[in-house]
């Protein structure tokens, strides 16, 4: 197990290095000047001397390869640089916003799993019946509806019929979990619906495929009850491709929170990313991309562990 974890961590280093190189050079060849954008905010008219002085303070006047080397050295020591707008460390800015985004993502994922696994299984068992058609229609609706539009629709319905909207602020999970749940419930539903719709279709296809395997027919021939076959044999073997989709969609789910956080006024990573783009704050943008890449790598590592936990035939060596 330790050898497997170590090998996967070593394999993730080229991925992180490639992403870091790509994002650094892509952002530095874009037109525009971060310093001028910052100094000209709110009608400012900086002199060339002031612009040159500020670029020197931020280290932007050095050769691009020197800046790239400093960026890689900072990554090795978990130093993502300093924001050109707030003059605060990027790690501090991200640490303030990341918990909100992760809480919404995890809550949406749990909601999707609770919905998708039973509905996908039921749709496969009763395929080509009205139950199957109803569940498939529900899933198609989740894929077709944009999450941000569905989120706004939920908010309008709650306001119109119940005169209720999620509370504002940033409540703590440990200090006021109920208030936090109220704040995150609607964005989690808006994101989780689409997430669940994709997993329902995957789970349904997997269950149908497994139900035609030889070991299922053998179990039926031995006289095992249908419920026992589904619970002990069909569902565990159907979860493997579904888990793969869970890992892939979880990373995309975090990215889709950019708009949802704007809709529900959540102070998360998505909102920070939009602010950084509008201000041309390259350090913040680079830091967020690297953090999301690390999350993606970690989720894929957890997916591999889940394979071994569900299917004893898979060994982590």
Of 189, 135, 131, the only residue that is in the same structural domain as residue 233 (by TED's automatic domain parsing), assigned to a helix (DSSP H, G or I) and under 25 Å from residue 262 (Cα atoms) is 189
For segment 226-283, how many residues are in contact with a strand residue (DSSP E or B) (Cβ under 7 Å, 6 or more places away or on another chain) and within 26 Å of residue 307 (Cα to Cα)?
-> 0
Determine, yes or no, whether residue 109 is in the same structural domain as residue 280 (by TED's automatic domain parsing), within 19 Å of the chain's Cα centre (by Cα) and surrounded by 14 or more Cβ atoms within 10 Å (Cβ to Cβ).
-> yes
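Yes or no, residue by residue, for (1) closer than 30 Å to residue 20 by Cα; (2) touching a residue at least 12 places away in the same chain (Cβ under 8 Å):
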{"residue": "62", "(1), (2)": "yes, no"}
{"residue": "104", "(1), (2)": "yes, yes"}
{"residue": "142", "(1), (2)": "no, yes"}
{"residue": "149", "(1), (2)": "no, no"}
{"residue": "167", "(1), (2)": "no, yes"}
Just give me the residues in segment 210-231 being surrounded by 13 or more Cβ atoms within 10 Å (Cβ to Cβ) and out of contact with any helix residue (DSSP H, G or I) (no Cβ under 8 Å at 6 or more places or on another chain), in sequence order.
-> 224
How many of the residues in segment 74-96 are out of contact with any strand residue (DSSP E or B) (no Cβ under 9 Å at 6 or more places or on another chain), surrounded by fewer than 17 Cβ atoms within 10 Å (Cβ to Cβ) and not in a helix (DSSP H, G or I)?
-> 4
How many of the residues making up segment 31-54 are in contact with a helix residue (DSSP H, G or I) (Cβ under 9 Å, 6 or more places away or on another chain) and either modelled with pLDDT of 85 or more or exposed (fewer than 10 other Cβ atoms within 10 Å of the Cβ) (or both)?
-> 1
Please go through segment 138-168 and pick out each residue that is under 25 Å from residue 227 (Cα atoms) and either in contact with a helix residue (DSSP H, G or I) (Cβ under 7 Å, 6 or more places away or on another chain) or not assigned by TED's automatic domain parsing to the domain that holds residue 185 (or both).
-> 139
May I ask you to verify whether residue 153 is surrounded by 12 or more Cβ atoms within 10 Å (Cβ to Cβ), under 15 Å from residue 104 (Cβ atoms) and at pLDDT below 90?
-> no
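Given 82, 86, 101, which one is closer than 19 Å to residue 293 by Cβ and either outside the structural domain of residue 252 (by TED's automatic domain parsing) or within 21 Å of the chain's Cα centre (by Cα) (or both)?
Exactly one of 82, 86, 101 is closer than 19 Å to residue 293 by Cβ and either outside the structural domain of residue 252 (by TED's automatic domain parsing) or within 21 Å of the chain's Cα centre (by Cα) (or both), namely 101.
Please verify whether residue 71 is touching a helix residue (DSSP H, G or I) at 6+ places or on another chain (Cβ under 7 Å) and modelled with pLDDT of 75 or more, treating the condition exactly as stated. Steps first, please.
Details: touching a helix residue (DSSP H, G or I) at 6+ places or on another chain (Cβ under 7 Å): yes; modelled with pLDDT of 75 or more: yes.
Yes: the conditions hold for residue 71.
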Those helices (runs of 4 or more DSSP H) lying entirely in segment 202-317 with at least 1 residues under 23 Å from the mean Cα position of the chain (by Cα) and free of Cβ contacts under 8 Å to residues at least 40 places away in the same chain = 235-263, 269-279, 282-310
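The values are calculated or read from the model by the stated rules, or taken from the named source; none is laboratory data. Worth saying up front: this structure is predicted, and the values here are computed from it rather than measured. Neighbour counts are summed over all protein chains in view; Cβ atoms, including those assigned to glycine, are modelled from backbone coordinates with ideal geometry.
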